[in-house]
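Remarks on the structure that follows.
Bear in mind that the values in this text are calculations on the coordinates, not laboratory data. Predicted model, so just to flag it, every value in this text is computed and none were measured. Virtual Cβ from ideal backbone geometry, glycine too; neighbours counted across all protein chains shown.
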Amino acid sequence: MKRISHRTVLMLILMGVLVAGVAFFTLRYFLHAGEWVVFPGSPHVYSGSNLSSGRVTDRDGVLLLDSTDGRVYAEDVDIRRATLHLLGDRYGYISAPILDEYADDLVGFNVVNGLFGQDQGANTAVLSISAQVQKTALQALGNHHGTVGVYNYKTGEILCAVTSPTYDPDNMPDIEGDETGAYDGVFLNRFFQTSTVPGSIFKIVTAAAALDTLGDLSQRTFTCNGTWEIGGDTMVCNGTHGTQTLAQAFANSCNIAFGQLALEVGPETLEAYVEDLGITESLSFDGLTTAAGSFDLSDAVDFEVAWAGCGQYNDLINPCQYLTVMGVIANGGEAALPYIMDRVEGNMLGGYQHGKVTTGRVMERWVTDSVAQLMRGNVLNVYGAWQFPDLEVCAKSGTAELGPGDTPNATFAGFIRDENYPLAFIVIVEHGGAGSAAAAPIAGQVLNACVAAMDAQ
């Protein structure tokens with residue numbers, strides 16, 4: 001009798017282990033089956049390094065990529081070139097992390113029916129970008145290397161994420177044999193993967209920090225004689241501006257005034273302010289991880305702190321991340337975080353739909369409103385509102401010094417203050433010189449294309 005009892009207990013233990021094992025496997029299956037099916041190199045869903053299922057369109061339904069039978073890109077060559085760094089090329093030189101991130105949705109995988117999409121037709125990924133805006137931005141950059149980004153700071157949709165140089169994936173050039181420099185850094189996505197010297201567009205951050213820390217500066221004046229001696233070093237301005245208000249110093253992009261403000265705010269406070277804005281952090285979304293920025297004043301002397309407040313010293317920003325800073329200022333202190341995969345259609349039992357995520361409260365509204373007014377004054381009094389017809393654009397230009405003998409990068413960043421077109425933007429033209437001359441006209445063309453794209457929906 002005891003032997004039977006012992007056997008019963010043993011059987012119950014074994015049955016318990018079996019049930020626990022099945023439950024554990026079932027749980028892992030429902031949690032990770034999609035990852036198992038679409039692991040890189042899977043012959044069922046990959047051809048070489050490319051996903052071999054699914055279609056990709058822009059926000060308006062323009063076909064950008066069809067992977068259901070080979071790899072068919074857009075009909076328009078400029079659209080193919082403008083979206084290359086998002087969709088990848090045929091040979092894996094340029095990856096497509098967005099497609100890899102949503103591979104299980106694109107191939108139609110479902111935990112109940114498996115890879116039913118393989119037989120019932122590929123699913124369609126709808127990106128937030130506009131193919132026409134991408135094309136406009138690439139054409140506006142011309143032969144310059146650089147990047148253009150635009151996003152909706154209310155929703156987070158990225159309408160434009162162009163990087164140059166690029167090439168036609170249907171007609172890949174001899175990049176290794178090129179000696180002209182036309183394809184230098186072509187495999188790098190400058191919008192997501194690089195950090196760059198901001199130049200004077202960083203004075204937006206310094207102005208916000210000064211207003212928030214030092215209080216009302218409306219009656220304050222600054223004197224610029226063209227140079228400023230700081231601890232044995234000489235800070236040089238781009239002009240001799242005399243006595244000026246904060247608004248005038250911002251419009252003049254006066255290094256002396258903003259160097260003084262940076263020192264008054266102090267390195268620790270300025271660092272903390274930059275960190276709160278997320279400038280030194282990476283963004284992660286849709287399988288993408290942006291490069292981190294840099295703002296380290298831990299060993300900086302006064303001269304270096306002053307230059308850091310002007311967007312020089314060791315300052316670095318990522319273009320995509322800096323868009324969120326513009327969004328925060330445009331939207332009263334809190335903005336949507338960017339995304340590029342809007343939805344995946346075609347799978348009745350699955351699919352994907354983006355959900356809004358925000359930065360949280362970063363600034364007080366009175367600070368953002370004050371900075372926005374300074375930026376609006378720049379457009380009205382310096383850059384020319386005629387460059388942005390019928391749009392209430394607020395902006396700041398920059399000339400990012402790189403080193404002796406190098407032509408500076410031209411930078412331009414800002415936003416449209418309009419409930420119908422809540423767009424923030426950034427333009428970086430490598431070795432373009434002055435931001436107001438080289439980058440502002442590009443922003444004007446791209447913003448007009450964005451408005452047209454939004455009106456068409």
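Results, tabulated for the structure shown:
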| quantity | calculated |
| --- | --- |
| Segment 59-217 shape via C-alpha gyration tensor axes, a/c threshold 1.5 | oblate |
| Extension reserve of the Arg343-Asp455 stretch, reckoned as 0.36 nm per residue once the Cα distance is removed | 38.3 nm |
| Value of Rg/Rh across segment 264-351 [Cα atoms, Kirkwood radius] | 1.14 |
| Positive-pole candidate from Leu263, Cys237, Thr290, dipole of segment 234-299, charges at beta carbon | Cys237 |
| Long-range tail of P(r) for segment 325-409 (Cα pairs > 21 Å, %) | 57 |
| Shape category assigned to segment 118-208 from the gyration tensor of Cα positions, a/c cut at 1.5 | oblate |
| Cα principal axis extents for segment 150-254, largest first, Å | 60, 41, 21 |
| Computed Kirkwood radius, in angstrom, where 1/r is averaged over Cα pairs of segment 213-255 | 11.1 |
| Distance between modelled label sites at Asp170 and Tyr93, nm, 7 Å Cα→Cβ extension | 1.8 |
| By average C-beta atoms within 10 angstrom, highest first, the peptides 326-337, 146-157 | 146-157, 326-337 |
| Cα-centred dipole magnitude for segment 145-229, charges only on beta-carbon of K, R (+1) and D, E (-1), debye, nearest 20 | 700 |
| Length gained when the stretch Thr68-Thr245 is fully extended (0.36 nm per residue, less Cα-Cα span) | 57.6 nm |
| Segment Leu402-Glu364, length gained on full extension (0.36 nm per residue, minus Cα span) | 10.3 nm |
| D (Stokes-Einstein, µm²/s), Kirkwood Cα radius, segment 272-428, 0.890 mPa s at 25 °C | 140 |
| Relative packing of peptides 203-209, 368-374, 123-129 - highest average C-beta neighbours within 10 Å first | 203-209, 123-129, 368-374 |
| Inter-probe distance in nm under a simple model that places probes 7 Å from Cα toward Cβ, at Phe187 and Gln353 | 4.0 |
| Estimated distance in nm for a label pair at Ala385 and Asp296, the labels positioned 7 Å out from Cα along Cα-to-Cβ | 4.5 |
